[in-house]
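**Q** One structure is given below, represented as structure tokens, and several questions about it will come after.
The values are calculated or read from the model by the stated rules, or taken from the named source; none is laboratory data. These figures come from a predicted structure and were not determined experimentally. Here the Cβ is made from the backbone with ideal geometry for all residues, glycine too, and neighbour counts use every protein chain on show. Note: areas computed on protein heavy atoms with side chains; ligands, DNA, RNA excluded. Shrake-Rupley method; radii C 1.70, N 1.55, O 1.52, S 1.80 Å.
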Amino acid sequence: MKILVCISKTPDTTAKIAFTEGNTKFDENGVQWIINPFDEWYALVKAIELKEKDPSAIIHLVTVGTADAEPIIRKALALGGDEAIRINSNSNDSFYVAKQIATIAKEGSYDIIFTGKETIDYNSASIGSMLSAILDLPLVSLANQLDLNGNTATVRREIEGGEETCEVNLPVVISCQKGMAEQRIPNMRGIMAARSKPLKVLEPIEASATTSIKKFDIPVAKSGVKLVDPANMDELVRLLKEEAKVI
Amino acid sequence: MVLVYIDQADQQIKKSSLEAMSYGAALAKQLGCDVAALVLGTVQDNLAELGKSGAQKVYHLKNETLNSLDVKLHSTLIANAAKNVNATVVVFANNINGKAIAPAVSVKLEAGLVTGASSLPNTENGFVVTKTVFSGKAFASIQIETPIKVIAINQNSFGVVAYDTSATVEELNIPIPTASIKITKLEKVEGEIPLTEASLVVSGGRGLKGPENWGILLDLAKSLGAATACSRPVSDTDWRPHHEHVGQTGIQIAPNLYIAIGISGAIQHLAGVNRSKTIVVINKDPEAPFFKAADYGVVGDAFEVVPALTSAILKMKSTA
Ligand SMILES: Cc1cc2nc3c(=O)[nH]c(=O)nc-3n(C[C@H](O)[C@H](O)[C@H](O)COP(=O)(O)OP(=O)(O)OC[C@H]3O[C@@H](n4cnc5c(N)ncnc54)[C@H](O)[C@@H]3O)c2cc1C
């Protein structure tokens, strides 16, 4: 079995969100980069769990990013995975990124392609779905549990208004969320091993971006909190009804 | 033509789809073109009523196999329908199903995609859509460069606009490809208001001390008709189910009212809720960072404040 895990680099969750160059560029100054939590905690760890059950499984990691993505790819390799592929390009447009990953996916004929449910920076939640369309594969989105039985995956997923369990034949694209696996911390052995794992760098294929970012804005801050006396909840109810008009 | 995909859950059209419909209608007006809805599967609603949310026409592909989400199947049918009616924009609700289908449709239509859109596009000079990024900490204005566009509009950001019309319904008769997945078990969240659809949300954090204390929060939610949410440590320790976890690594919501009880207001939590229109914070620590993001604050013990608030709401409702 071959598994491909899509890994994205995102700013740390506590990073200051600011913009430069006339609000057209994310200000990377002083930003710590992490593996997108959904990719790391759920997609990657689930792949590792599958390999623990079936040691013959091969896990490849793929990221579309410039050289500064290498530390997070090494960290991902320290958690697990056999080799990594970095497609040497910026990743500004989801379609462009999906096209790059699809090329790798096609060549590697993977049985399962895992993504996180979304990235915590652009929150587009699109790569998995786009990959499924480009590769003409089924997609199970927002998966929170997965069991393999031969060529069939039994997956639990979130849908509007509930959850359901479905069966799908491999190959398949699966986007992962909470419940799928538990976050792990890389151990010393993993970190040492990661140093010698192959990290291939490939040049991107020709693909055109379908969107471009024109500018960023920061939402206007709240004007300040109005404190209400804890002994006077009638007043809070009045404010919510008459001033905020929300109840 | 603007084509709006109307999603269903359990054979019922959801509010988020009606919002998408109204968004599509406003966009069609802006572009000076027609607007139609596309419904897949068997729904119990009267489809002509979609006119009340802005549809002029409804295309309906009535087939039971389409009632459950199969992205491969749905995206193929939606993309084909969009081609048949020469849609220039396809609109989705940015809900669980819409988010899953829209990117696949965009690939099939070679269309640029914006998910999480927060307002109508600016079409004065190109086609620029604003979306939330960094889990709600910022907005990005995105130019779509392709002739066809796909937009998924955030829930609770545009609202449902009431129209005084009835739509004409056209039943489509097209063959349906075989399903790519097989549903074996369905677990509906019975009787609860889905968090992402809710306009009122009551949320609890570690300050409530343990799952046995959730009664006061549930009573408050019930008095308001609100959905319930929680902070990450609360769901991590299984005090509450995972689907209630809001924040940067949970779900992002934007209700009209978010009441946070015993939640400190960590940056990762705020990221998931800071688009709420009104935020009320109940916390015994006046220094809790959440107060900075709040509209109304109550500094006090949740175990006293919350039941008092519930009583005040019930009193207001009984006299209203
Ligand atoms: C990568 C990463 C991602 C994360 N993602 C998320 C996320 O998506 N969502 C999320 O919520 N968190 C997330 N977190 C965790 C976040 O940093 C906080 O730890 C978490 O939100 C704190 O939860 P809390 O407010 O419930 O608990 P605490 O921080 O422990 O706060 C409890 C609050 O309750 C108050 N309190 C105590 N007793 C009472 C009382 N009797 N009455 C009233 N108030 C009382 C206290 O004053 C305190 O402010 C993430 C963290 C990391 C590192």
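**Q** In this structure, is B:T184 open to solvent by 30 Å² or more (accessible area, probe 1.4 Å), within 16 Å of the ligand (Cβ to nearest atom), at the interface with chain A (Cβ under 9 Å from one of its Cβ atoms) and not in a loop (DSSP other than H, G, I, E, B)? Even if it seems obvious, please write down each step before you answer.
**A** On the way: open to solvent by 30 Å² or more (accessible area, probe 1.4 Å): yes; within 16 Å of the ligand (Cβ to nearest atom): no; at the interface with chain A (Cβ under 9 Å from one of its Cβ atoms): yes; not in a loop (DSSP other than H, G, I, E, B): yes.
No.
**Q** Further, regarding this structure: Is it true that some residue in the range B:269-288 is in contact with a Cys (Cβ under 8 Å, 6 or more places away or on another chain) and under 22 Å from A:Y122 (Cβ atoms)?
**A** The initial filter retains those residues of the range B:269-288 that are in contact with a Cys (Cβ under 8 Å, 6 or more places away or on another chain), namely none.
Within the range B:269-288 (the criterion being in contact with a Cys (Cβ under 8 Å, 6 or more places away or on another chain) and under 22 Å from A:Y122 (Cβ atoms)), the answer is no, since none of the residues qualifies.
**Q** Take B:R275 and decide whether it is within 13 Å of the ligand (Cβ to nearest atom) and either outside the structural domain of B:S119 (by TED's automatic domain parsing) or in contact with a Phe, Trp or Tyr (Cβ under 8 Å, 6 or more places away or on another chain) (or both).
**A** Details: within 13 Å of the ligand (Cβ to nearest atom): no; either outside the structural domain of B:S119 (by TED's automatic domain parsing) or in contact with a Phe, Trp or Tyr (Cβ under 8 Å, 6 or more places away or on another chain) (or both): yes.
In short, no.
**Q** Let me ask something else. If you check B:G215 against the conditions, is it over 19 Å from the mean Cα position of the chain (by Cα) and either open to solvent by 30 Å² or more (accessible area, probe 1.4 Å) or not aliphatic (A, V, I, L, M) (or both)? Can you show your working first?
**A** On the way: over 19 Å from the mean Cα position of the chain (by Cα): yes; either open to solvent by 30 Å² or more (accessible area, probe 1.4 Å) or not aliphatic (A, V, I, L, M) (or both): yes.
In short, yes.
One line per residue, one yes/no per condition, for (1) in contact with a strand residue (DSSP E or B) (Cβ under 8 Å, 6 or more places away or on another chain); (2) surrounded by 22 or more Cβ atoms within 10 Å (Cβ to Cβ); (3) within 14 Å of chain A (Cβ to nearest Cβ):
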{"site": "B:V2", "(1), (2), (3)": "yes, yes, no"}
{"site": "B:E19", "(1), (2), (3)": "yes, yes, yes"}
{"site": "B:A48", "(1), (2), (3)": "yes, no, no"}
{"site": "B:K62", "(1), (2), (3)": "yes, no, no"}
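**Q** Filter the range B:224-251 down to residues that are open to solvent by 10 Å² or more (accessible area, probe 1.4 Å), more than 9 Å from the ligand (Cβ to nearest atom) and within 18 Å of B:I193 (Cβ to Cβ), then give me how many there are.
**A** 8
**Q** A:I34: within 16 Å of the ligand (Cβ to nearest atom), under 15 Å from B:F134 (Cα atoms) and at pLDDT below 95, yes or no?
**A** Answer is no for this residue.
This table checks each residue for (1) facing another protein chain (nearest Cβ under 9 Å); (2) in contact with a Leu (Cβ under 6 Å, 6 or more places away or on another chain); (3) within 12 Å of the ligand (Cβ to nearest atom).
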{"residue": "B:N256", "(1), (2), (3)": "yes, no, no"}
{"residue": "B:V280", "(1), (2), (3)": "yes, no, no"}
{"residue": "B:G297", "(1), (2), (3)": "yes, yes, yes"}
{"residue": "B:F303", "(1), (2), (3)": "no, no, yes"}
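**Q** List pairs: first residue in the range B:280-303 and without any contact (Cβ under 8 Å) to a residue 60 or more places away in the chain, second residue in a helix (DSSP H, G or I) and more than 9 Å from the ligand (Cβ to nearest atom) anywhere in the structure, Cβ distance under 7 angstrom, at least six positions apart or on different chains.
**A** Qualifying pairs under 7 Å: B:V281/B:F291; B:Y296/A:L236; B:Y296/A:L239; B:G297/B:F291; B:V298/A:L236.
**Q** Moving on to the next point. Can you name the strands (runs of 3 or more DSSP E) wholly within the range B:73-146 that have at least 1 residues being assigned by TED's automatic domain parsing to the domain that holds B:V35 and open to solvent by 30 Å² or more (accessible area, probe 1.4 Å)?
**A** Values: elements: B:89-93, B:112-117, B:128-133, B:138-144.
The qualifying strands (runs of 3 or more DSSP E) are B:128-133, B:138-144.
**Q** Of all the residues that make up the range B:26-47, how many are in contact (Cβ under 8 Å) with a residue 12 or more places away in the chain and under 23 Å from the mean Cα position of the chain (by Cα)?
**A** Residues of the range B:26-47 in contact (Cβ under 8 Å) with a residue 12 or more places away in the chain: B:26-28, B:30-31, B:33-45, B:47.
Still in the list and also under 23 Å from the mean Cα position of the chain (by Cα): B:26-28, B:35-45, B:47.
Looking only at that region, the number is 15.
**Q** Working carefully through the options A:K200, A:K215, find the one that is at pLDDT 95 or above and facing chain B (nearest Cβ under 8 Å). Outline the logic, then answer.
**A** On the way: A:K200 fails: facing chain B (nearest Cβ under 8 Å).
None of the other options fit; the residue is A:K215.
**Q** Mind checking which residues of the range A:1-42 are in contact (Cβ under 8 Å) with a residue 40 or more places away in the chain, of a type in the set (S, T, N, Q) and farther than 28 Å from A:F114 by Cα?
**A** A:N23, A:T24
**Q** Out of A:V228, A:V220, report the one residue that is closer than 19 Å to B:A293 by Cβ, within 9 Å of another protein chain (Cβ to nearest Cβ), free of Cβ contacts under 8 Å to residues at least 12 places away in the same chain and not acidic (D, E).
**A** Values: A:V220 fails: within 9 Å of another protein chain (Cβ to nearest Cβ).
So the residue among A:V228, A:V220 that is closer than 19 Å to B:A293 by Cβ, within 9 Å of another protein chain (Cβ to nearest Cβ), free of Cβ contacts under 8 Å to residues at least 12 places away in the same chain and not acidic (D, E) is A:V228.
**Q** Quick one: which helices (runs of 4 or more DSSP H) sit completely within the range A:11-127 and have at least 2 residues that are facing another protein chain (nearest Cβ under 10 Å)?
**A** Working: elements: A:45-53, A:70-79, A:94-108.
It comes to A:94-108.
**Q** Kindly provide the set of residues from the range A:17-31 that are out of contact with any Ser or Thr (no Cβ under 6 Å at 6 or more places or on another chain) and away from the ligand (no atom under 16 Å from the Cβ), ordered by number. Lay out the reasoning, then the answer.
**A** Keep residues of the range A:17-31 that are out of contact with any Ser or Thr (no Cβ under 6 Å at 6 or more places or on another chain), which gives A:17-26, A:28-31.
Residues satisfying the conditions are A:A18, A:F19, A:T20, A:E21, A:G22, A:N23, A:T24, A:K25, A:F26, A:E28, A:N29, A:G30.
**Q** If you take the residues in the range B:283-320 that are open to solvent by 80 Å² or more (accessible area, probe 1.4 Å) and of a type in the set (S, T, Y), which one is modelled with the lowest pLDDT?
**A** Per the stated criteria, the residue is B:T319.
**Q** Can you spot a residue in the range B:151-158 that is open to solvent by 70 Å² or more (accessible area, probe 1.4 Å), more than 12 Å from chain A (Cβ to nearest Cβ) and farther than 30 Å from A:L146 by Cβ?
**A** Narrowing the range B:151-158 to residues open to solvent by 70 Å² or more (accessible area, probe 1.4 Å): none.
Checked against the condition, which is being open to solvent by 70 Å² or more (accessible area, probe 1.4 Å), more than 12 Å from chain A (Cβ to nearest Cβ) and farther than 30 Å from A:L146 by Cβ, the range B:151-158 yields no hits at all.
**Q** All but one of (1) assigned by TED's automatic domain parsing to the domain that holds B:I261; (2) not in a helix (DSSP H, G or I) hold for B:G207; state the number of the condition that does not hold.
**A** Of the numbered conditions (1) assigned by TED's automatic domain parsing to the domain that holds B:I261; (2) not in a helix (DSSP H, G or I), the odd one out for B:G207 is (2).
**Q** Still on this structure, I have one more. Take B:A266 and decide whether it is open to solvent by less than 10 Å² (accessible area, probe 1.4 Å) and either in contact (Cβ under 8 Å) with a residue 40 or more places away in the chain or within 10 Å of the ligand (Cβ to nearest atom) (or both). Even if it seems obvious, please write down each step before you answer.
**A** Numbers: open to solvent by less than 10 Å² (accessible area, probe 1.4 Å): no; either in contact (Cβ under 8 Å) with a residue 40 or more places away in the chain or within 10 Å of the ligand (Cβ to nearest atom) (or both): yes.
Taking the combined requirement at face value, the residue does not satisfy it.
**Q** Within the range A:120-148, count every residue that is among the polar types (S, T, N, Q) and at pLDDT below 95.
**A** If we filter the range A:120-148 for residues that are among the polar types (S, T, N, Q), which is where we start, we get A:123-124, A:126, A:129, A:132, A:141, A:144-145.
Still in the list and also at pLDDT below 95: A:123-124.
Number satisfying all stated conditions: 2.
**Q** Cβ-Cβ distance below 6 Å, separation of 6 or more or different chains: which pairs start in the range A:171-189 with a residue that is within 14 Å of chain B (Cβ to nearest Cβ) and end on one that is surrounded by fewer than 14 Cβ atoms within 10 Å (Cβ to Cβ)?
**A** Matching pairs, first to second residue: none at all.
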